[in-house]
Amino acid sequence: ENFTQTGLSVEHRFNTHVDAQLRVFNGWDQVQDVNGRLSYMARIGLAPDANSSIAFSAFTGPEAANNNNAMRSGAEVLASRRIGRVTAFAQGDVGREQQNSTLPDPTRTATWWAAGTWVVISATPTIGVALRGDHLVDRASARTGSAFGIVGAPVHRLSSATATLNVKTVPNVLLRPELRFDRSNLPVFSSSSQQVT
């Protein structure tokens, strides 16, 4: 999924159970548009009760520089459920990008999918713990190739497990120490297939 968007977002809450969002933006992580067309995103959120939510998002648009035709499209589902002091989340993403010269293999359409789940436990009003696991399958290394310097890999599988401590003992300050383990099917972490941070 992209991290930043420069554009216009319109959001509306229809009632306590349904909200929606539409976005028109320059492109994935782009302040300025790199081609002649914009990208689009739509989201609908459902809240069956005060402790549950599920949201569905879809996006599409050309993201390659100077290419208005190679569309990147995908969808995401994000669900959460709170039970007492514990909130559980699950997320799934799928995506594809039509063949273009910016992909590691410019002759193939790229596809990827990812899934993640995490649990947040509020132990006290000032201390909380979060545990998260993620898995990404990036066929042809289209989403991770440039970040990890991968060239010509048929598929990149990347998993992570993270434990986070949330400390809020000072007003308006959140201290968040974290321990993370990453594993790849390729030697992308300083010539190793795994790392701890």
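The values are calculated or read from the model by the stated rules, or taken from the named source; none is laboratory data. Everything quoted here is computed from the prediction, not taken from an experiment. Glycine also receives a Cβ, built like all others from the backbone with ideal geometry; neighbour counts cover every protein chain displayed. Surface areas here come from the heavy atoms of the whole protein model, side chains and all, with no ligands, DNA or RNA. Shrake-Rupley method; radii C 1.70, N 1.55, O 1.52, S 1.80 Å.
Structure above, values below:
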read-out: Three-way shape call for the range 94-152 based on the alpha-carbon gyration tensor, with the a/c threshold at 1.5; value: prolate
read-out: Gyration tensor verdict on the chain (Cα atoms; rounded if a/c is under 1.5, prolate if a/b is larger than b/c, oblate otherwise); value: oblate
read-out: Accessible surface ranking that places the most exposed of Leu131, Leu136 first, with a 1.4 angstrom probe; value: Leu131, Leu136
read-out: Of all accessible heavy-atom area on the chain, the percent that carbon and sulfur account for (1.4 Å); value: 59
read-out: Accessible area in the full protein assembly, largest first, 1.4 Å probe, for Ser73, Ser191; value: Ser191, Ser73
read-out: Rounded to the nearest 20 debye, dipole of the chain from Cβ charges on Lys, Arg, Asp, Glu; value: 380
read-out: Whole-number accessible area per residue in Å² for the range 1-153, which is evaluated in the context of all protein chains at 1.4 Å; value: 57
read-out: Estimated [θ] at 222 nm from DSSP helical runs (n ≥ 4, -39500 (n - 2.57)) normalised by residues in the chain, nearest 500; value: -500 deg cm²/dmol
read-out: Column: log10 I(q)/I(0), Debye, Cα scatterers of the range 13-77, q = 0.18, 0.22, 0.28 Å⁻¹; value: -0.68, -0.84, -1.12
